[in-house]
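> Questions regarding the structure given below will be posed in turn.
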Amino acid sequence: MKEKYEPSGVEFKWQRYWAEKKLFVSKADHARQKFYCLEMFPYPSGEIHMGHVRNYVIGDVIARYKRMRGYNVLHPMGWDAFGLPAENAAIKHGVHPSKWTHGNIEKMRRQLDSMGLSYDWTREVTTCKPEYYKWNQWFFLKMLENGLAYRKDSYVNWCPSCMTVLANEQVIDSACWRCETPVTQKRLGQWFFKITEYAEELLKGCDELQGWPERVIHMQKNWIGKGEGVEVDFPVEGMEEKLRIFTTRPDTLFGVTFMCIAPEHPLTEKLVKDRKSLETIESKYGKGDEKIGLDTGYFAINPLNRDRIPIFVANFVIMEYGTGAIMSVPAHDQRDFDFAKKYDLPVKVVILPEIPPNPPLIKGGSPNLEQLTEAYEDEGILVDSGQFTGLRSEIARQEIIRFIEEKELGRSAVNYKLRDWGISRQRYWGTPIPIVYCDRCGIVPVPEESLPVILPEDVKITGKGGSPLLESRTFLSTDCPRCRGKARRETDTMDTFVDSSWYFARYCFEKGDIDLPACLSAPKSEFTYWMPVDQYIGGVEHAVLHLLYSRFFTRVMRDLDLIKISEPFQNLLTQGMVIKDGAKMSKSKGNVVDPNYLIEKYGSDTARLFSLFAAPPEKDLEWSDRGVEGAYRFLNRIWGIVYKNRRNIQNSLSRVDYRTLRPGASGLYRKTHQTIKKVTTDIEREYHFNTAIAALMELVNEITSFQPETGEDRATFKFAVQQVILLLSPFCPHIAEELWEATGHNPSVIEHKWPEWDEDAAREDTIELVIQVNGKLRSKTLITRGTPDEEMKKIALEDEKIREIAGNKKIKNVIVVKGKLVNIVIGE
RNA sequence: GCCGGAGUGGCGGAAUUGGUAGACGCAAGGGACUUAAAAUCCCUCGUUCCGAAAGAACGUACCGGUUCGAGUCCGGUCUCCGGCACCA
């Protein structure tokens, strides 16, 4: 052991040791309790950033802690290797995406290893390898077979800069999620996964995700966006077709004064003759707050009260939700209200608040329009609503739905905001969609036995036009699997979110070319052993996209009879961002801290310790250079303690009777047990590593101020130091290994059992009794543990300071909190 | 607009069920060691009153309530952060 702590040598030594001894290679063992710890795999951009460091360090601490607790831990890592940046690099630097990606993976794997992360690399997943994406294609075929994948012409979000279609989830503030270019609409033939088929199940499943943060569950529920209501058919004057609308507020049906349909609604073409005006509406479609409409001149009839109401085409009505047509109730919907004001349409109040406002909404039987400056959207009592007048909204809804169904005017219906998942991308670096277009047979799926459809390497990536695959003759032209005639391959590739929707399942098996369905469905398979993921850790930015798709895919796998579970991730931890100077670290803001630099200067143990200590994992972490220094200082102190006392520690007794220790030593002994307890419970309770580390620091402070004199003292000292090393090892594994060895143990500390505390040893004999007067702290005094309440009361009342304060005043009451506090209530 | 989450010293953050507010760390100030500096070690460190100590008052965004006792519970207000956003 060196006198001075030199992290780089120590860390390299132990990283090699772990790798050589294969300490992190896991094996399914149905006799042992498992723990599957997973961090979201990175995109191999080439550089590890602070966000990665934080994510992976949290996961590593959990994995290492669970290993010491005796679990059979699976802790894998891989690469989300398909995606746009590889193509951008190809355009910019002329490197092939494959070469660029694999080079980055090598680089990043080394960086991860330099952080001492305990991964089982024998299970490494790389999504751009045919042995992996082959199964994307297989899942696609199975979904096609089961009606869960389909092709549809539709308007899609088109990024003019990336020249590709974006999923709804990839559009942020009507701009591209990557380059922020405003998104336009384009009509294209697209492949979709029918995630809406699972909308209800995915929503209900949310309630069983007890180990997930509430905000993520809220976001998922919000995203699925269930709306319960009713569909009603409105007859149109002079037309056979009825206009079907969807509403969640049937209690407002008597207040309809106009109707609006979406520009792409099938009836629009029939109703509107004026093409030019329609184009104006279309150009403002879905943009901004301005609501514009076009009066079709046609009228619909309210089937409930026979009111004759005008039909408009409006830019704010979405075709994809509900029926693409709405009934407008300006008195009780703000958008309709704004629209009515603009086009001077009548407002009819049909709901009054239970507690009438002053001045009233209705005056002499008609709306008090001066008072009505905005829509009344809350519930209330129905007025002017035929036989439903006088009912409360909640009751009226049920009654009206029943009436509509009885008279066959419509039916109750449920709508979701969730749309089907468009997976087609006009890009090169992704999984080819296994489809062939044949002039004679049409759309033909590639047969299972022909998988994988290999992504050709011999393409030129220029960044101009559509997919580079269009220019690859060898890829493009093929034989139709059905008629053997000439056919053309699908050139679209899959959204990379497909790759990450099941990678957690792939980790259950060793890397290489496996028969995935056979492996998954085998009885007592490795999948059934390892899954579900016990702890998943990643950024909150994936709260809806990746996490929802994974839940969907798991259900699809279940319904393909491959697996039995429905939910992939039992517990989810969404770690906060890494902040510097008040903003998220990013290259564009120029506030990044390079992890490599940090590791070189202080070592990865310091980097790990700081990122764990500065904030609890779910909160944002404010970067502080001085804080890093502090973490480094702490490790140096421990090193110094062990170095200075190495002979004592090695030679001292290992067993003494701790009950007969002199006060100083017994204090340290007690503190040690208290620390084991505190560190353990802090980790168990929501992974509060910051307070666990604070407790370790307290113990180290006590060790520092303890001067061993007797043999028993030295044994106590040794015990305390050993426990510090053990408790520190998940956080700072390299230095822990080195110190463990230096104190005369055989490696490896990480194979050692997690320490246990003795409740009796941790308990304090003397307690500081807090004495309050009228709830204010007035005095403190020491009492022995177990002092009865009556005795505590007596001690408090006899306390000198208390007598001084209380004087002759009347004591009204005395409250005793067992073993803690006495509060004396006195009068004036 | 809707839905979440959060507001505690100079800073990051503790306070687990209503019971000593500010653990631990950082920064700052003072001291020891040193020719000097760095490193290390020791002391002080919420605000105000006081020369200091003792002591007291105030203090967990703001206002009010419940309680013997509130950072914690209840009602209201404000601010910040995040998500969704014409979803009928």
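> Using the structure shown, decide if A:Thr574 is hydroxyl-bearing (Ser, Thr, Tyr) and within 15 Å of RNA strand B (Cβ to nearest atom).
yes
Quick grid of which residues meet (1) at pLDDT 90 or above; (2) more than 30 Å from A:Ile395 (Cβ to Cβ); (3) surrounded by fewer than 23 Cβ atoms within 10 Å (Cβ to Cβ):
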position	(1), (2), (3)
A:Cys260	yes, no, no
A:Glu264	no, yes, yes
A:Arg275	no, yes, yes
A:Asn302	yes, no, yes
A:Val313	yes, yes, no
A:Gly322	yes, no, yes
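> Are any residues in the stretch A:670-700 assigned to a helix (DSSP H, G or I), among the charged types (D, E, K, R) and near RNA strand B (Cβ under 10 Å from one of its atoms), and if so, which ones?
Matches in the stretch A:670-700: A:Lys677, A:Lys678, A:Asp682, A:Glu684, A:Glu698.
> Just name the residue that is nearest to RNA strand B (Cβ to nearest atom) out of those in the stretch A:701-724 that are touching a residue at least 60 places away in the same chain (Cβ under 8 Å) and aliphatic (A, V, I, L, M).
So the residue we want is A:Ile703.
> Still on this model: Considering only residues that are closer than 25 Å to A:Arg397 by Cα and more than 13 Å from RNA strand B (Cβ to nearest atom), which ones fall in the stretch A:238-256?
Listed by number, the residues that qualify are A:Lys242, A:Phe254.
> Next up: If you take the residues of the stretch A:287-337 that are within 7 Å of RNA strand B (Cβ to nearest atom) and aromatic (Phe, Trp, Tyr), which of them is farthest from A:Phe403 (Cα to Cα)?
Per the criteria, the residue is A:Phe316.
> Specify the residue that is surrounded by the most Cβ atoms within 10 Å (Cβ to Cβ); the eligible residues are those in the stretch A:585-617 that are near RNA strand B (Cβ under 9 Å from one of its atoms) and part of a loop (DSSP other than H, G, I, E, B).
It comes out as A:Ala614.
> Go through (1) closer than 24 Å to A:Tyr416 by Cα; (2) of a type in the set (Phe, Trp, Tyr); (3) part of a strand (DSSP E or B) for A:Phe312 and report which single condition fails.
With respect to (1) closer than 24 Å to A:Tyr416 by Cα; (2) of a type in the set (Phe, Trp, Tyr); (3) part of a strand (DSSP E or B), A:Phe312 is out only on (1).
> What number of residues within the stretch A:762-771 satisfy the criterion of being part of a strand (DSSP E or B) and more than 6 Å from RNA strand B (Cβ to nearest atom)?
Number of matching residues: 4.
> Follow-up question, since we're still on this one. For the stretch A:783-802, name all the residues that are assigned to a loop (DSSP other than H, G, I, E, B) and surrounded by 13 or more Cβ atoms within 10 Å (Cβ to Cβ).
A:Thr787, A:Asp799
> Is it true that some residue in the stretch A:138-146 is part of a loop (DSSP other than H, G, I, E, B), buried (at least 19 other Cβ atoms within 10 Å of the Cβ) and of a type in the set (Phe, Trp, Tyr)?
no
> Could you grab me the full set of residues in the stretch A:726-739 that are assigned to a helix (DSSP H, G or I) and either in contact with a strand residue (DSSP E or B) (Cβ under 6 Å, 6 or more places away or on another chain) or crowded, with 24+ Cβ neighbours inside 10 Å (or both)?
A:Leu727, A:Leu728, A:Pro733, A:His734, A:Ile735, A:Ala736, A:Glu737, A:Glu738, A:Leu739
> So A:Phe634 fits all but one of (1) within 7 Å of RNA strand B (Cβ to nearest atom); (2) free of Cβ contacts under 8 Å to residues at least 24 places away in the same chain; what number is the exception?
The one condition A:Phe634 does not meet is (2).
> Quick check on this structure: which one of A:Tyr549, A:Tyr503 is within 16 Å of RNA strand B (Cβ to nearest atom), at pLDDT 95 or above and closer than 28 Å to A:Met50 by Cβ?
None of the other options fit; the residue is A:Tyr549.
> In the stretch A:225-237, is there at least one residue being outside any loop (DSSP other than H, G, I, E, B), within 8 Å of RNA strand B (Cβ to nearest atom) and surrounded by 17 or more Cβ atoms within 10 Å (Cβ to Cβ)?
yes
> Still on this model: One residue is enough: does the stretch A:644-655 have a residue meeting the conditions within 12 Å of RNA strand B (Cβ to nearest atom) and either surrounded by fewer than 20 Cβ atoms within 10 Å (Cβ to Cβ) or aromatic (Phe, Trp, Tyr) (or both)?
Within the stretch A:644-655, one or more residues are within 12 Å of RNA strand B (Cβ to nearest atom) and either surrounded by fewer than 20 Cβ atoms within 10 Å (Cβ to Cβ) or aromatic (Phe, Trp, Tyr) (or both).
> Something else about it: For the stretch A:650-663, does any single residue satisfy the condition of being part of a helix (DSSP H, G or I) and among the hydrophobic types (A, V, I, L, M, F, W, C)?
No.
> Please work out if A:Gly819 is without any contact (Cβ under 8 Å) to a residue 40 or more places away in the chain, on the phi > 0 side of the Ramachandran plot and either assigned to a strand (DSSP E or B) or not acidic (Asp, Glu) (or both).
So A:Gly819 does not fit the description; no.
> Let me ask something else. Which one of these is over 22 Å from A:Asp251 (Cβ atoms) and at pLDDT below 90: A:Asn368, A:Asn358?
A:Asn358
> Now a separate question. Is it true that some residue in the stretch A:661-669 is crowded, with 20+ Cβ neighbours inside 10 Å, within 24 Å of A:Ser611 (Cα to Cα) and within 16 Å of RNA strand B (Cβ to nearest atom)?
no
> Let me ask another. Among the residues of the stretch A:207-218, is any more than 8 Å from RNA strand B (Cβ to nearest atom), in a helix (DSSP H, G or I) and β-branched (Val, Ile, Thr)?
Yes, some residue in the stretch A:207-218 is more than 8 Å from RNA strand B (Cβ to nearest atom), in a helix (DSSP H, G or I) and β-branched (Val, Ile, Thr).
> Taking A:Lys820, is it within 12 Å of RNA strand B (Cβ to nearest atom), at pLDDT 85 or above, over 16 Å from A:Val770 (Cβ atoms) and among the basic types (Lys, Arg)?
no
> What is the one condition in (1) part of a strand (DSSP E or B); (2) within 14 Å of RNA strand B (Cβ to nearest atom) that A:Glu282 does not satisfy?
Only one criterion in (1) part of a strand (DSSP E or B); (2) within 14 Å of RNA strand B (Cβ to nearest atom) is unmet by A:Glu282, namely (1).
> Would a scan of the stretch A:754-765 turn up a residue that is touching a Ser or Thr at 6+ places or on another chain (Cβ under 6 Å), under 30 Å from A:Asn72 (Cβ atoms), touching a residue at least 12 places away in the same chain (Cβ under 8 Å) and not acidic (Asp, Glu)?
No - not one qualifying residue is present in the stretch A:754-765.
The values are calculated or read from the model by the stated rules, or taken from the named source; none is laboratory data. In this text the structure is predicted, and so the values were computed from the model without any measurement. Methodologically, a virtual Cβ is constructed for each residue, glycine included, from the backbone with ideal geometry; neighbour enumeration extends over all protein chains shown.
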